[in-house]
């Protein structure tokens, strides 16, 4: 079994102690967000083939990575670095700090261990296409030789996303829009060339009709390379056009306080702050 930790929240940034306690206990529970039913997920070494961590800030989780590595348990890190203005990202680390931490992980565990995510691409009056070309180019240049893949997608207009973006745009004095297909293709054509110039392959996350290959964020080939042995899991995407292998996610919604206005997993930053404060390391689930 592959454990995803987590596309619902940022476990490395906020819940290092909780994860450590779960490893010691050898299980956590996950609450279904639609019916509140809890199910047990084993973290026993014999039951876990690999971990995939999703984060914007690995700084407080480096000791946990080292413990997993010492125990011979493979992992990959999906690391988001977008470098957007504070009007869109209230509390994310500065992009230069994020790049520094990616390079630390790549140096210790190899460039296959970290995937850069420039995701989602938000088109707005403060992050227009020229901004993305400049911004992506500088991040890519600083990640040269540290990663071999960048995953991109364009923002999906989920209800939470629209509501939070509208609120942020009213407060920040900017506008946002959903790009047409030609605008998407023109931008990706330029970004993919920039990535290739730094030996970084660009893929797209669960979006059809883009002129680049589909990503496998839960990627058994990558995990097998990291592990030095074959890791098997059937393909079982989480949504339409998803190419991921089957995994079990152990996170919970409304528990990431980094304040990304476009996030699909958080109702509001204050709700997330309150949720984080309720969770103790000894809790078996993140859903308070």
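The values are calculated or read from the model by the stated rules, or taken from the named source; none is laboratory data. Just so you know, these numbers come straight off a predicted model, no measurement behind them. Because the Cβ atoms are built from the backbone with ideal geometry, glycine has one as well, and the counts that use them run over all protein chains shown.
Among the numbered conditions (1) over 30 Å from residue 231 (Cα atoms); (2) crowded, with 17+ Cβ neighbours inside 10 Å, the only one that residue 277 does not meet is (2).
Residue by residue, here is whether (1) within 28 Å of residue 106 (Cα to Cα); (2) assigned to a loop (DSSP other than H, G, I, E, B) holds:
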site	(1), (2)
199	yes, yes
224	yes, no
233	yes, yes
243	yes, yes
252	yes, yes
274	no, no
277	no, no
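If you go through region 206-225 and keep only what is crowded, with 16+ Cβ neighbours inside 10 Å and within 18 Å of residue 112 (Cβ to Cβ), you end up with 215, 216, 217, 218, 219, 220, 222, 223, 224, 225.
Residue by residue through region 139-161, note down the ones that are free of Cβ contacts under 8 Å to residues at least 24 places away in the same chain and in a helix (DSSP H, G or I).
Selection gives 159 alone.
Closer than 30 Å to residue 271 by Cβ and touching a residue at least 60 places away in the same chain (Cβ under 8 Å) - does that describe any residue in region 197-212? Within region 197-212, one or more residues are closer than 30 Å to residue 271 by Cβ and touching a residue at least 60 places away in the same chain (Cβ under 8 Å). Is it the case that region 257-265 has a residue that's touching a strand residue (DSSP E or B) at 6+ places or on another chain (Cβ under 7 Å), crowded, with 23+ Cβ neighbours inside 10 Å, assigned to a strand (DSSP E or B) and touching a residue at least 12 places away in the same chain (Cβ under 8 Å)? Within region 257-265, one or more residues are touching a strand residue (DSSP E or B) at 6+ places or on another chain (Cβ under 7 Å), crowded, with 23+ Cβ neighbours inside 10 Å, assigned to a strand (DSSP E or B) and touching a residue at least 12 places away in the same chain (Cβ under 8 Å).
Would region 165-177 turn up any residue that is within 21 Å of the chain's Cα centre (by Cα), surrounded by 14 or more Cβ atoms within 10 Å (Cβ to Cβ) and within 28 Å of residue 253 (Cβ to Cβ)? First the steps, then the outcome.
At the first step, the residues of region 165-177 found to be within 21 Å of the chain's Cα centre (by Cα) are 165.
Cutting the leftovers down to surrounded by 14 or more Cβ atoms within 10 Å (Cβ to Cβ) gives us 165.
Narrowing further to those that are within 28 Å of residue 253 (Cβ to Cβ): 165.
Yes, some residue in region 165-177 is within 21 Å of the chain's Cα centre (by Cα), surrounded by 14 or more Cβ atoms within 10 Å (Cβ to Cβ) and within 28 Å of residue 253 (Cβ to Cβ).
Can you find even one residue in region 99-109 that is part of a loop (DSSP other than H, G, I, E, B), surrounded by fewer than 19 Cβ atoms within 10 Å (Cβ to Cβ) and without any contact (Cβ under 8 Å) to a residue 60 or more places away in the chain? For region 99-109, residues part of a loop (DSSP other than H, G, I, E, B), surrounded by fewer than 19 Cβ atoms within 10 Å (Cβ to Cβ) and without any contact (Cβ under 8 Å) to a residue 60 or more places away in the chain: absent.
Can you tell me which residue among 31, 40 is closer than 23 Å to residue 281 by Cβ, in contact with a strand residue (DSSP E or B) (Cβ under 7 Å, 6 or more places away or on another chain) and modelled with pLDDT under 95?
Values: 40 fails: modelled with pLDDT under 95.
Selected residue: 31, the only one of 31, 40 that is closer than 23 Å to residue 281 by Cβ, in contact with a strand residue (DSSP E or B) (Cβ under 7 Å, 6 or more places away or on another chain) and modelled with pLDDT under 95.
Scanning region 20-58 for residues that are surrounded by 22 or more Cβ atoms within 10 Å (Cβ to Cβ) and in a helix (DSSP H, G or I) turns up just one, 22. If you take the residues of region 13-31 that are within 20 Å of the chain's Cα centre (by Cα) and without any contact (Cβ under 8 Å) to a residue 60 or more places away in the chain, which of them is farthest from residue 97 (Cα to Cα)? Ranking the qualifying residues of region 13-31, first place goes to 19. Against the test of being in a strand (DSSP E or B) and at pLDDT 90 or above, the options 285, 203 yield a single qualifying residue, 203. Only one of the numbered conditions (1) loosely packed, with under 15 Cβ neighbours inside 10 Å; (2) not in a loop (DSSP other than H, G, I, E, B) is not met by residue 184, and that is (1).
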